[in-house]
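The values are calculated or read from the model by the stated rules, or taken from the named source; none is laboratory data. Note that the structure is predicted; figures quoted are calculated from it, not measured. Note: ideal-geometry Cβ built from the backbone for every residue, glycine included; neighbour counts use all protein chains shown. We work out accessible area using only protein heavy atoms, side chains counted, and drop any ligands, DNA or RNA first. Shrake-Rupley method; radii C 1.70, N 1.55, O 1.52, S 1.80 Å.
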Amino acid sequence: MSNLKMKEAALIYLDRSGGLQKFIDDCKYYNDSKQSYAVYRFNVLINPSDIVELDAELGNHILHQPLKAAQVFQSVCYIAVRTLSLIGQLQTETQINIVLKLTHLPPLPSYCLDLCEFPRDYTSQRFYTMQGIVIAMTTVTKYTQGARFLCSDEACPLSKGFQYIRVHAPGATESATVRNDFLCNLCSSSLQEDRKFRVLGDKQIVEIITAKSLHAFQGCCNNQPFRFQSLTVFLRDESVNKMNIGNEYKVIGIPACVKTSQTAICIEANSITFCIPKVPSGISDNFRCLLSLTSSSCWKFTAILANIFASQIVPPGTYNLLKLCLLMSLVQTSDRNKELENCLDILVVTSDTILIDRLLNFSINLVPRGIRHSVSTEIFPTLSRNKYGTGAVSIQAGSALLAKGGICFIGDLASHKKDKLEQLQSAVESRSITVYISGKKFGDDVDQQMTFPVQCSFWSFLDMDSPSRRNIQKTNMLIGQMDCSLIPANLVEAFALLINCNESSSCHPLLPTVQHTLKKAIDPEGLLYLASKQFTTEDFEKLLAFAKNLNVEFSLEAERMIHGYYLASRRIRTDSICGSKLPASALKYLVSLSEAHARLNLRNKVLKEDVLIAALLFETSLTLKYGAAVFCVAPNAVFPFEQYDEEYLEQRDVYLTECQQQLQQFIATYGPGTAIFASDE
């Protein structure tokens with residue numbers, strides 16, 4: 001009686017939810033094909049909340065005994081097929097394969113499978129939810145959805161018909177569905193597969209890790225040993241190619257234990273949802289107060305941010321230019337599943353690599369996807385044979401794809417080999433990476449290639465005092481040009497910003513840094529400055545999380561200024577022999593820098609003051625790459641003075657206003673619409 005009641009409830013639910021009509025439409029497709037199948041597969045969408053309200057027992061079966069619940073729906077659907085004559089070729093109930101697709105699970109701890117916690121229950125064959133980031137995936141291969149077997153003894157009545165149907169079960173291997181040692185229940189003769197009735201489906205294997213595991217890639221272990229394990233997810237049929245490397249997903253599925261060279265936990269995916277992080281509601285009270293006090297200027301707030309940023313690593317007032325650029329690059333990151341077009345790649349040239357390494361490493365930990373690349377791993381995707389023996393090629397993410405929407409800090413650029421640098425240059429220029437899969441090497445008939453978007457900003461540095469650099473120094477340097485001959489010139493040009501951090505200059509006084517280092521050695525956890533207490537690391541995390549989610553648009557005068565500067569700069573850096581020295585991506589970088597400064601100011605509109613900062617930063621970088629030009633910018637143009645009080649901020653505003661007038665004069669002289677501008681340009 002209990003089983004009959006559940007069947008009635010299942011029929012009522014299918015009718016009310018529209019599932020019955022979908023089932024009839026699917027049956028029509030099978031019936032029209034005029035082809036006999038061993039198995040007819042149907043997806044049934046289940047909302048657990050609705051079905052529990054309708055019938056608690058059926059709801060309990062779906063959540064805790066899904067295989068038995070599928071049999072209830074299988075029986076209902078079979079009766080519907082026979083009663084309504086929906087599929088003429090169908091002969092037995094076992095030919096119907098029902099797959100229950102859940103919309104969600106109850107938000108309770110007992111329904112979550114967390115690899116960071118014990119115990120891990122993967123033997124109960126019920127639904128769990130798991131959230132994680134894709135770190136590897138295979139190419140798509142085939143698996144057996146269902147197969148028909150016949151008794152080998154022709155005298156046996158079971159040598160005909162569809163009495164022996166094997167259907168794939170969650171967590172089962174291919175050999176559990178199809179093999180040659182099955183026996184007839186009636187005469188004990190061996191069963192033989194009728195291959196012409198085999199039904200194939202698509203299969204893909206994905207590896208995910210919990211977001212907590214990203215701490216292993218951020219260089220912040222706090223000297224505490226830890227390990228993490230990936231979870232294998234099997235995607236089948238309509239779920240294939242629904243997951244992308246680097247994205248975070250919530251997966252509902254049934255866990256199982258698969259034995260390879262070592263026992264591994266896997267989950268048979270039932271439904272997949274892309275995870276959208278919550279947008280923070282605001283910033284800290286201290287930052288809100290600071291924003292209010294500096295509201296009269298478009299430049300003061302970001303100047304103070306750069307001044308006090310990372311006071312745990314460097315004293316306030318030092319490395320301000322670099323810190324401003326880092327903050328601008330951080331606000332151009334994204335937690336959303338959208339194409340990250342406005343990346344800001346930064347290359348720092350310095351003689352104090354230890355301090356710069358600490359500063360950059362501290363900064364990447366302020367965003368969810370800040371990845372520190374380890375020399376023992378790969379920056380870009382690599383190939384390997386799949387450990388489950390499916391014949392598929394496994395594609396491992398690499399640091400760049402794992403840093404999707406964030407920052408990939410690759411350390412000292414000179415430590416990478418030539419082929420890796422060429423790969424990096426290609427990725428930075430095209431914002432994509434192509435993986436070639438050799439059919440001969442991996443046992444396939446044809447070669448394949450897969451292209452992945454590279455949606456992160458790259459940070460790196462170069463050691464000015466490297467012994468290799470001393471041996472290969474340029475002699476024909478232009479005024480203002482930086483010697484970066486240690487790495488290919490095209491790679492240097494590919495970075496949006498080239499920054500010179502020479503601590504012996506007035507911009508980076510040596511004494512405060514030495515004092516800071518000594519105090520930190522004595523008290524590593526101590527807060528040495530008032531700014532560190534007023535504006536904590538958590539405050540900066542909230543500020544960046546809020547700022548990067550702001551939607552910004554250009555004002556008309558800002559748009560005119562940015563295009564005017566781009567065209568004028570392109571004009572003066574073009575010669576008849578080499579053509580334009582300005583990279584093709586220059587306009588994109590200028591737009592990104594302007595947007596970043598506006599976001600850092602917590603504004604929704606890009607103003608001409610933002611474009612000025614973008615132009616000064618970009619022109620400083622161009623000078624280091626190619627030498628000074630007509631629009632000559634001082635190396636310390638963005639932070640021209642050493643004092644850091646209210647009077648300094650006023651002086652800086654006056655200086656930047658003068659720079660803005662010079663920029664407008666430069667555009668008026670060399671920009672579009674001027675006599676010097678050629679008609680074709």
statement: Regression test value, accessible area per residue of the chain, probe 1.4 Å, units Å², expected 47
query: Hey, what's the Kirkwood Rh for the chain if you take every pair of different alpha carbons, in angstrom?
result: 29.1
- line: Rounded to the nearest 10 Å², the 1.4 Å probe accessible area of residue 308 is 20
query: Can you tell which of 103, 380, 157 lies farthest toward the positive end of the dipole of the chain, using +1 and -1 charges on the Cβ of basic and acidic side chains (Lys, Arg; Asp, Glu)?
result: 157
query: In debye to the nearest 20, how big a dipole does the chain give about its Cα centre with +1 on each Lys and Arg Cβ and -1 on each Asp and Glu Cβ?
result: 1580
- prompt: Between the range 1-34 and the range 387-447, what's the alpha-carbon centroid distance in Å?
  reply: 46
- prompt: Convex hull over the Cα atoms of the range 394-454, averaged projected area in nm²?
  reply: 5.0
statement: Plugging the Cβ-Cβ distance of residue 518 and residue 160 into 1/(1 + (r/R0)^6) at R0 = 60 Å yields, to the nearest 0.05, a FRET efficiency of 0.10
message: Using amide H atoms built in the peptide plane, which far-off residues or other-chain residues are under 5 Å from residue 464 H to H?
response: 350, 351
- request: Read phi for every residue in the range 345-361 and hand back ³J(HN,Hα) as whole Hz from Karplus 6.51 cos²θ - 1.76 cosθ + 1.60, θ = phi - 60°, with x for Gly and Pro.
  value: 7, 10, 10, 9, 9, 8, 9, 10, 5, 5, 5, 5, 4, 5, 5, 5, 5
- prompt: So, with +1 on the Cβ of K and R and -1 on the Cβ of D and E, and no other charges, what is the size of the charge dipole of the range 285-669 about its Cα centre, to the nearest 20 debye?
  reply: 840
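R0 = 30 Å: FRET efficiency of residue 64 with residue 240, Cβ-based, nearest 0.05? Could the numbers behind the result be given before it?
Working: r = 28 Å, r/R0 = 0.92.
Approximately 0.65, to the nearest 0.05.
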- request: Enumerate the calculated ³J(HN,Hα) couplings along the range 646-661 in order (Karplus 6.51 cos²θ - 1.76 cosθ + 1.60, θ = phi - 60°), each rounded to whole Hz, writing x wherever the residue is Gly or Pro.
  value: 5, 5, 4, 5, 5, 4, 5, 4, 5, 4, 5, 5, 5, 4, 5, 5
- request: Can you grab the distance from the C-alpha centre of the range 624-667 to the C-alpha centre of the range 297-324, Å, no decimals?
  value: 16
query: Just the Cα atoms of the range 285-669, one point each, no solvent: what log10 I(q)/I(0) does Debye give at q = 0.06 Å⁻¹?
result: -0.24
message: Using a Cα-Cα cut-off of under 29 Å, which lysines could be cross-linked to residue 34, ignoring same-chain neighbours fewer than 8 residues away?
response: 22, 101, 142, 160, 196, 203
message: Run the reach check for residue 212 against aspartates and glutamates, Cα to Cα strictly under 14 Å, same-chain hits fewer than 8 apart removed. What comes back?
response: 114, 117, 248
- request: Could you give the spread of the C-alpha atoms of the range 1-103 along their three principal axes, from largest to smallest, in whole angstroms?
  value: 39, 23, 20
query: Among 244, 416, 144, whose Cα lies farthest out toward the positive end of the dipole of the chain, if unit charges sit on the beta carbon of Lys, Arg (+1) and Asp, Glu (-1)?
result: 144
- line: Expected vector for the range 239-253, Karplus 3J(HN,Hα) from phi with 6.51, -1.76, 1.60 and θ = phi - 60°, integer Hz, x for Gly and Pro, equals 7, 4, 6, 8, 10, 10, 4, x, 7, 9, 10, 9, 10, 9, x
message: For a quick check of understanding: with a 1.4 angstrom probe and all protein chains in place, what accessible area in square angstrom does residue 64 have, to the nearest ten?
response: 70
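Of 78, 648, which has the most accessible area with a 1.4 Å probe, and how do the rest follow in descending order?
Per-residue accessible area, sorted high to low, gives 78, 648.
Dipole magnitude of the range 1-103 about its Cα centre, charges +1 at Lys/Arg Cβ and -1 at Asp/Glu Cβ only, in debye to the nearest 20? Walk me through the intermediate numbers first.
Working: 10 positive and 10 negative charges, 57 e Å.
Taking the Cα centre of the range 1-103 as origin, the dipole is about 280 debye.
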- request: Run the quick spin-label model on residue 641 and residue 43: label points 7 Å from Cα toward the beta carbon, then report their separation in nm to one decimal.
  value: 6.5
field: Segment residue 52-residue 560, extension gain: residue separation times 0.36 nm, minus the distance between their alpha carbons
entry: 176.9 nm
statement: Amide H proximity to residue 233 below 5 Å, modelled H, separation 5+ or other chain, gives 206, 207, 208, 267
query: Are there trypsin sites (Lys or Arg not before Pro) in the range 1-52 that DSSP marks as loop and that have at most 15 other Cβ atoms within 10 Å, and which are they?
result: 34
- line: Over all pairs of different Cα atoms in the range 263-363, the reciprocal of the mean inverse distance gives a Kirkwood radius in Å of 17.0
query: Given H placed 1.01 Å from N in the peptide plane, which residues other than close sequence neighbours of residue 145 have an amide H under 5 Å from its amide H?
result: 199, 200, 201
message: Once ligands and nucleic acids are excluded and a 1.4 Å probe is used, how much of residue 2 is accessible, expressed in Å² to the nearest 10?
response: 50
message: Using a 1.4 Å probe on the protein heavy atoms, what percent of the accessible area of the chain belongs to carbon and sulfur?
response: 51
- request: Place +1 on the Cβ of every Lys and Arg and -1 on the Cβ of every Asp and Glu in the chain, take the dipole about the Cα centre, and give the residue among 342, 500, 52 whose Cα lies farthest towards its positive end.
  value: 52
